[in-house]
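K.L.:
Pasting in a structure now, in structure tokens, and then I'll have a few things to ask.
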Ligand code: GLN
């Protein structure tokens, strides 16, 4: 742990960490040493990891990348955090992210900019940008992230690492600061599928008393099936994922990756996900709707920031929220309250829910013809810092390939698959059917 804390300090210009606490980390490391000395064989004993700052932790601040929670200390640990600690992991600190996990470039963090270590003039991706950079720059061997619409897969792709978002409900959302509750999922990011399998095995599992959407499915050891053969595996390639919106460099990197799968004995079959384009408007109605409700708790009373000067109670709410939230968060709250308002609910929110169901059905049709789905994570490699300027739509459109799987609640991962423009990493996205994380990790491991 000491070695990695040194690296974190030396590479502070990358902006990946929001908080460290050397005393707490070294105390955790000593506790792990004692467990090792006692002959315990927990799977992650002494392994240093770091957490996206969207998980609440007792040993470190928990800001969600927002000024609203700048001084906030949680009285408890998120389930994912405590499960990894039980497995022996030692926490190095908290990782930068887009404010309340809203974003695709990490530029929405209220704190420092995060730079892509492959090219420091480029974004690392988001919202788990600090997480991806920590692994890519070897500041931590493995980390946690969260994925609501792509936030594990896209930064993993942009930083050349491996990340997996499990089936919705596999990992507990208890203690994960909520963005869009019907979509939010936790997962690991690391160098390899094997490392991800180790962490995923530790962090999943039912948490029925504390998360009402937790799946009552026992934890699995995902490392067991890693070596299975992929000969005969049917890999579905959705034709909508390879349309004109995909840049040529990403396309040719992915074609190379698919050839490698064929060389391993897998069979490539064309499938269709006809409502792919609708995933963007559907997600950008449902996620803000849920966010507007979840973020109503930041009212200056219960916890977090409170304006210093105000008139009456309403004025206190207004000033607190105006000061505490950044532009993107305010934009989402406004969109969310609009689509949920009387008179618009049926036209937007209800329609979006119907199409969400159809998108999930499209995947089930596709899975009749294949065992897993492969495609791009994002239409391009990581773009330049500031390139999308004040154009939030440019960010939203780049989510097109990750949103469909998120809306369907399916497990998905990104694995390094080659390089594109500027020598930047390109990830291959693998999407599995429900609870098929083992199959995804196996296919990823054989590729690596
Ligand atoms: N880019 C998407 C958004 O801005 C996804 C974010 C996420 O998965 N947390 O909402």
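The values are calculated or read from the model by the stated rules, or taken from the named source; none is laboratory data. For clarity, every value in this text was computed on a predicted model and none was experimentally measured. A quick note on method: Cβ atoms are made from the backbone with ideal geometry, for glycine too, and the neighbour counts reach across all protein chains shown.
K.L.:
Testing residue 382 on (1) surrounded by fewer than 22 Cβ atoms within 10 Å (Cβ to Cβ); (2) part of a loop (DSSP other than H, G, I, E, B); (3) within 16 Å of the ligand (Cβ to nearest atom), one condition comes back false. Which one is that?
P.N.:
With (1) surrounded by fewer than 22 Cβ atoms within 10 Å (Cβ to Cβ); (2) part of a loop (DSSP other than H, G, I, E, B); (3) within 16 Å of the ligand (Cβ to nearest atom) applied to residue 382, the lone miss is (1).
This table checks each residue for (1) in a helix (DSSP H, G or I); (2) touching a helix residue (DSSP H, G or I) at 6+ places or on another chain (Cβ under 6 Å); (3) at pLDDT below 95; (4) more than 29 Å from residue 448 (Cβ to Cβ).
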{"position": "338", "(1), (2), (3), (4)": "yes, no, no, yes"}
{"position": "343", "(1), (2), (3), (4)": "no, no, yes, yes"}
{"position": "375", "(1), (2), (3), (4)": "no, yes, no, no"}
{"position": "405", "(1), (2), (3), (4)": "yes, no, no, no"}
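K.L.:
Follow-up. Restricting the stretch 160-169 to residues that are surrounded by 24 or more Cβ atoms within 10 Å (Cβ to Cβ) and outside any strand (DSSP E or B), which is nearest to the ligand (Cβ to nearest atom)?
P.N.:
Selected residue: 166.
K.L.:
Something else now. Scan the stretch 300-323 for residues that are surrounded by fewer than 18 Cβ atoms within 10 Å (Cβ to Cβ) and either under 15 Å from residue 177 (Cβ atoms) or within 13 Å of the ligand (Cβ to nearest atom) (or both) and report the count.
P.N.:
Residues meeting the conditions: 2.
K.L.:
Do we find that residue 369 is touching a residue at least 24 places away in the same chain (Cβ under 8 Å) and outside any helix (DSSP H, G or I) in this structure?
P.N.:
Considered against the rule, which asks whether it is touching a residue at least 24 places away in the same chain (Cβ under 8 Å) and outside any helix (DSSP H, G or I), residue 369 comes out as yes.
K.L.:
Might you let me know whether the stretch 13-30 holds any residue that is closer than 26 Å to residue 297 by Cβ, modelled with pLDDT of 95 or more and out of contact with any strand residue (DSSP E or B) (no Cβ under 9 Å at 6 or more places or on another chain)?
P.N.:
No, because not a single residue in the stretch 13-30 is closer than 26 Å to residue 297 by Cβ, modelled with pLDDT of 95 or more and out of contact with any strand residue (DSSP E or B) (no Cβ under 9 Å at 6 or more places or on another chain).
K.L.:
Now, a different point. Looking at 151, 127, 172, 157, which one is out of contact with any strand residue (DSSP E or B) (no Cβ under 7 Å at 6 or more places or on another chain), within 13 Å of the ligand (Cβ to nearest atom) and at pLDDT 95 or above?
P.N.:
127
K.L.:
Spot the failing condition for residue 107; the list is (1) in a loop (DSSP other than H, G, I, E, B); (2) away from the ligand (no atom under 15 Å from the Cβ); (3) surrounded by fewer than 24 Cβ atoms within 10 Å (Cβ to Cβ), and only one is missed.
P.N.:
Unmet condition: (2).
K.L.:
Just to be sure I understand, how many residues within the stretch 235-279 are within 26 Å of residue 422 (Cβ to Cβ) and assigned to a helix (DSSP H, G or I)?
P.N.:
Matching residues across the stretch 235-279 total 16.
K.L.:
Same structure again: Taking the condition touching a residue at least 60 places away in the same chain (Cβ under 8 Å), closer than 16 Å to residue 108 by Cβ, within 14 Å of the ligand (Cβ to nearest atom) and within 21 Å of the chain's Cα centre (by Cα), does residue 398 pass?
P.N.:
Considered against the rule, which asks whether it is touching a residue at least 60 places away in the same chain (Cβ under 8 Å), closer than 16 Å to residue 108 by Cβ, within 14 Å of the ligand (Cβ to nearest atom) and within 21 Å of the chain's Cα centre (by Cα), residue 398 comes out as yes.
K.L.:
I need the full set of residues from the stretch 331-358 which are within 16 Å of the ligand (Cβ to nearest atom) and within 20 Å of residue 433 (Cβ to Cβ), in order please.
P.N.:
Passing the criteria: only 356.
K.L.:
Turning to a different aspect of this structure: Does at least one position in the stretch 72-86 carry a residue that is without any contact (Cβ under 8 Å) to a residue 60 or more places away in the chain, within 16 Å of the ligand (Cβ to nearest atom) and under 16 Å from residue 176 (Cα atoms)?
P.N.:
no
K.L.:
While we're looking at this one, here's another question. Within the stretch 176-214, how many residues are away from the ligand (no atom under 16 Å from the Cβ), more than 20 Å from residue 48 (Cα to Cα) and either without any contact (Cβ under 8 Å) to a residue 60 or more places away in the chain or touching a strand residue (DSSP E or B) at 6+ places or on another chain (Cβ under 6 Å) (or both)?
P.N.:
Result for the stretch 176-214: 6.
K.L.:
Cβ contacts < 6 Å: first residue touching a residue at least 12 places away in the same chain (Cβ under 8 Å), restricted to the stretch 266-289; second residue in a loop (DSSP other than H, G, I, E, B) and more than 16 Å from the ligand (Cβ to nearest atom), any location; separation 6+ or different chain. Result?
P.N.:
Close Cβ pairs (under 6 Å, with a partner that is in a loop (DSSP other than H, G, I, E, B) and more than 16 Å from the ligand (Cβ to nearest atom)) amount to 266/230; 266/233; 269/369; 269/370; 271/369; 271/370.
K.L.:
On to the next question. Limited to the stretch 279-299, what total is found for residues that are more than 16 Å from the ligand (Cβ to nearest atom) and crowded, with 16+ Cβ neighbours inside 10 Å?
P.N.:
Of the residues in that region, 2 qualify.
K.L.:
In the stretch 130-148, which residues are farther than 18 Å from residue 204 by Cα and within 12 Å of the ligand (Cβ to nearest atom)?
P.N.:
Correct list: 131 only.
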